[in-house]
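> Let me begin by handing over the structure; questions about it come next.
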Number of protein chains: 2
Amino acid sequence: MKDVASAAGVALKTVSRVVNGEPGVHPGTAERVREAIERLGYSRNESARVLRRGRTSTVGLVIEDLADPFYSVLGRAVEDVTTAHGCLLLSGSSNEDPVRERELIRTFCARRVDGLIVVPAGEDHSFLRPELDAGTPAVFVDRPPGPGVDVDTVLCDNAGGARLATRHLLAHGHRRIAFLGDRPSIHTAARRLHGYRAALGRLFDERLVSMRAPVPRDVRADLDRMLALDSPPTALFTGNGRITMTALRALEGRRMALVGFDDFELADLLRPGVTVVAQDPTSMGGLAAELLFRRLSGDTGPAEHLRLPVRVIRRGSGELPP
Amino acid sequence: MKDVASAAGVALKTVSRVVNGEPGVHPGTAERVREAIERLGYSRNESARVLRRGRTSTVGLVIEDLADPFYSVLGRAVEDVTTAHGCLLLSGSSNEDPVRERELIRTFCARRVDGLIVVPAGEDHSFLRPELDAGTPAVFVDRPPGPGVDVDTVLCDNAGGARLATRHLLAHGHRRIAFLGDRPSIHTAARRLHGYRAALGRLFDERLVSMRAPVPRDVRADLDRMLALDSPPTALFTGNGRITMTALRALEGRRMALVGFDDFELADLLRPGVTVVAQDPTSMGGLAAELLFRRLSGDTGPAEHLRLPVRVIRRGSGELPP
DNA sequence: GCTCACATGGACAACGTTGTCACCCTTCCT
DNA sequence: AGGAAGGGTGACAACGTTGTCCATGTGAGC
């Protein structure tokens, strides 16, 4: 900028004014400055600007895995809103690791992001307190923060969706319905188990429940164990997209009723089509980002807790008889 | 930092030394400083640090669409390498729009990212010249930059893969093989058309070629048109993952040989399984990032041009007879 | 001719860090 | 005792921008 100023024969501040479109610059002078900028290929140093102004126009996004279709769609929705507000997106994958999650958030905060959107991995977010108090807003998506941290959240109706799925299978005559879910420490998995259990009532049988990381081999082993029971399951409720796919592979050929939580690409092309309880990651990401920007524009009301509805999409697998 | 300094009764510089783990600080003093840092909840302001040091430890990633499985997997690979080098990732989706692409790159450069990884949308990247000359390295992935810009690239063997796919269908007895590809302005689509055409030789018939944006309705219309020909195609070669899925939906039930470019989740679970020419987005992203960091650590050798191999994965659809 | 307002331009400090250099105080050697 | 060596510490400038305040020039209104 100094170079531009001397090239155009004006003071530093005048260049700054031109660059920022501030009023009070003679059109002729402004033109000379612009010409010099063009000629020198100058572009404003945002780091210095940030330092001076205090706002980075950057939002930090922490998700579980950028490569997971659910989260990448969610992330894309966040990006769109962020862009619309003239901000950039710093993103990172926590890999379901609380340590990594915390590290990411701390790094983002050290860079003074204007706000955070987090799909939490850990169960304790008290470390966020100083940042929140310092005025950096955060919105939690998909899962709530740990106790004692009261921020905006955007969740889906996990328990309700699981009830829907389970009732759907019950309505089609099933009495032995297995649940394959993710680790119980994951909030969504726990809520879905809860809804499943509530819908089953006295039909609940813990031998038909498996909750673990979606590793194909393990899920398959649990499934085999259940199928070897005296009264094996006649239907499956799978607790998330990845587990649904693993289960589909494990079932390979065997025709069994199945409802999965989370919709996924090609679910309609399989035979039978896969009936799912669908949430809407685009809405979730978009709403979370909107909430964040509302905070950034000064809203200091009490924390909002959005719970998005889910819906059953019938495609065949959930309508198979026992 | 100033507050920490006065709280600990030391000079600014001493705090800086402690924060950066520089040697030459008395253990007792360091302890006092750390205690003050803890008590005040201080965290270093990266913006100021960046301003002073000149390096942002940030990489900018421009891809076509964060929500597309191919690119999100690629992005994840970039993220992993970036993280391993202690850097953060700024990412943005170009939406296949050259204007947006340029805007993103300019914004990233204004923020002084240390380097860029770009899946280009446009055909002219001369606007990058000043940045490149200023020492900001860039690596292009999946598609090469426009003419006159000589930077590292990581591409896959598009023409070779298309030849493989086409020959595969030829070997299974097909003579009428249609090609459904993306817009010819997209480098990968053009190269794949080229390979397809080369493999077909005199069997090439331009009535069996459709190149357009992967909009289901349009692709379906083109497909219907081809099927209504006197000598309709007996096999399909689809030019990318999205088009493959669109075609699969359009074929709905009709049994026709098909080989797709790009592998995708669940391709193995469809009946018949979908034979594909697979590239490896994880390797592509990872290699691109490695290349970038090699540049960042001072390598000034001539631009490297990596071309990754592709492989045919047989799953059934490509082995159907005419 | 005077003041006053306005348009334009510039000097300077500040944002929070880090690199450079100089200082002080031991300790040890001669 | 005097000096050299070196560890520990601090003062200060600089990074590139922007906000504040002041200076100058110009024209209108009294």
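The values are calculated or read from the model by the stated rules, or taken from the named source; none is laboratory data. The structure displayed is predicted, hence computed values, not measured ones. When we count neighbours, we look across all protein chains shown, and the Cβ atoms used for this are built from the backbone with ideal geometry, even at glycine. Keep in mind that these areas ignore ligands, DNA and RNA; they rest on the heavy atoms of the full protein, side chains included. Shrake-Rupley method; radii C 1.70, N 1.55, O 1.52, S 1.80 Å.
> What percentage of the solvent-accessible surface of the stretch A:1-154, computed with a 1.4 Å probe over protein heavy atoms, is contributed by carbon and sulfur atoms?
Looking at the stretch A:1-154 in its full context, I get 49 percent from C and S.
> On a straight-distance basis, which lysines could pair with A:Lys13 in a cross-link, Cα separation under 29 angstrom, same-chain partners fewer than 8 positions away excluded?
Within reach: A:Lys2, B:Lys2.
> Continuing with this model, one more query. What angle do you read, to the nearest 10 degrees and between 0 and 90, between the alpha-carbon axis of helix B:281-296 and the longest principal axis of chain B?
That helix lies at roughly 40 degrees to the long axis.
> According to the Cα gyration tensor, what semi-axes, each the square root of 5 times an eigenvalue, does the equivalent ellipsoid of chain A have, listed from largest to smallest in whole Å?
Values for chain A, descending: 51, 19, 16 Å.
> Now for a separate question. Just to be sure I understand: with springs between alpha-carbon atoms less than 10 Å apart, which residue in A:Ser210, A:Ser47, A:Ser93 has the highest mean-square fluctuation in the Gaussian network model of chain A?
Taking springs between Cα atoms under 10 Å, the residue moving most is A:Ser47.
> In nm, what does the list of distances from B:Leu40 to its counterparts in the other copies look like, shortest first, when each label sits 7 Å along Cα to Cβ?
Label-point separations across copies, in nm and ascending: 3.6.
> Further question: Against the longest alpha carbon principal axis of chain A, how many degrees, from 0 to 90 and to the nearest 10, is the axis of helix A:187-200 turned?
So the helix axis and the longest Cα principal axis differ by about 30 degrees.
> Regarding the stretch B:1-78, what's the average projected area of the Cα-atom convex hull, expressed in nm²?
Hull-based average projected area comes out at 7.5 nm².
> With a 1.4 Å probe on protein heavy atoms only, work out how much accessible surface A and B bury together, total over both chains, in Å² to the nearest 100.
4200
> At 7 angstrom along the Cα-to-beta-carbon line, where would the label on B:Ser16 sit relative to the other copies? Give the distances in nm, shortest first.
2.2
> Can you list the residues of the stretch A:95-111 whose accessible area drops by at least 50 Å² going from the chain on its own to the full set of protein chains, with a 1.4 Å probe?
In the stretch A:95-111, residues shielded by partner chains: A:Ala110, A:Arg111.
> Next question. Quick query: amide H of A:Leu236 versus all other amide H atoms, modeled in the peptide plane; which residues come in under 5 Å with a sequence gap of 5 or more or a different chain?
Those qualifying (amide H under 5 Å, at least 5 residues apart or on another chain) are A:Ala178, A:Ala257, A:Leu258, A:Val259.
> Using a Gaussian network model of chain B with C-alpha springs under 10 Å, which one of B:Ile63, B:Ile37, B:Ile177 is most mobile by mean-square fluctuation?
In this elastic network of chain B, the residue with the biggest mean-square fluctuation among B:Ile63, B:Ile37, B:Ile177 is B:Ile37.
> So what J values fall out for the stretch A:90-95 if you push phi through Karplus, 6.51 cos²θ - 1.76 cosθ + 1.60 with θ = phi - 60°, rounded to Hz, Gly and Pro as x?
Each residue's phi maps through the Karplus curve to give 9, 10, x, 9, 8, 6 Hz.
> Also: Counting only heavy atoms of protein chains, what accessible area per residue, in Å², does the stretch A:2-44 have with a probe of 1.4 Å?
63
> Once the Cβ-Cβ distance between A:Glu265 and A:Ala84 is put in as r, and R0 is 30 Å, what FRET efficiency do you end up with, to the nearest 0.05?
0.70
> What residues qualify as long-range amide H neighbours of B:Val139, i.e. H under 5 Å apart, gap of 5 or more or another chain, H built at 1.01 Å from N?
B:Leu116, B:Ile117, B:Val118
> Helix B:98-110: angle to the longest alpha-carbon principal axis of chain B, degrees 0 to 90, nearest 10?
For helix B:98-110, the angle is close to 20 degrees.
> Considering amide H positions built from the backbone, and no H for Pro or chain starts, which residues 5 or more places from A:Gly316, or on another chain, come under 5 Å of its amide H?
A:Thr275
> Mind listing the label-point distances from A:Gly253 to the same position on all other copies, shortest first, one decimal in nm, points 7 Å along Cα→Cβ?
2.7
> Carbon-plus-sulfur fraction of the accessible area of the stretch A:168-298, 1.4 Å probe, in percent?
Working: 2680 of 5480 Å².
Carbon plus sulfur share of accessible area: 49 percent.
> Write down the Å³ per residue value for the convex hull defined by the alpha carbon atoms of the stretch B:2-44.
Convex hull of Cα atoms, per residue: 58 Å³.
> Sticking with this one: For the stretch B:127-248, report the translational diffusion coefficient in µm²/s to the nearest whole number, using Stokes-Einstein at 20 °C, 1.002 mPa s, and a Kirkwood Rh over Cα pairs.
For the chosen part, D equals 136 µm²/s.
> List, by residue number, every residue in the stretch B:74-94 with a reduction of 40 Å² or greater in accessible area between the chain on its own and the complete protein assembly, 1.4 Å probe.
B:Arg76, B:Glu79, B:Leu88, B:Leu89, B:Leu90, B:Ser91
> Can you bin the protein assembly as shown into rounded, prolate or oblate? Criterion: square roots of the alpha carbon gyration tensor eigenvalues sorted a ≥ b ≥ c, rounded for a/c under 1.5, prolate for a/b above b/c, oblate for the rest.
Since a/c reaches 1.5 but b/c is at least a/b, the shape of the protein assembly as shown is classed as oblate.
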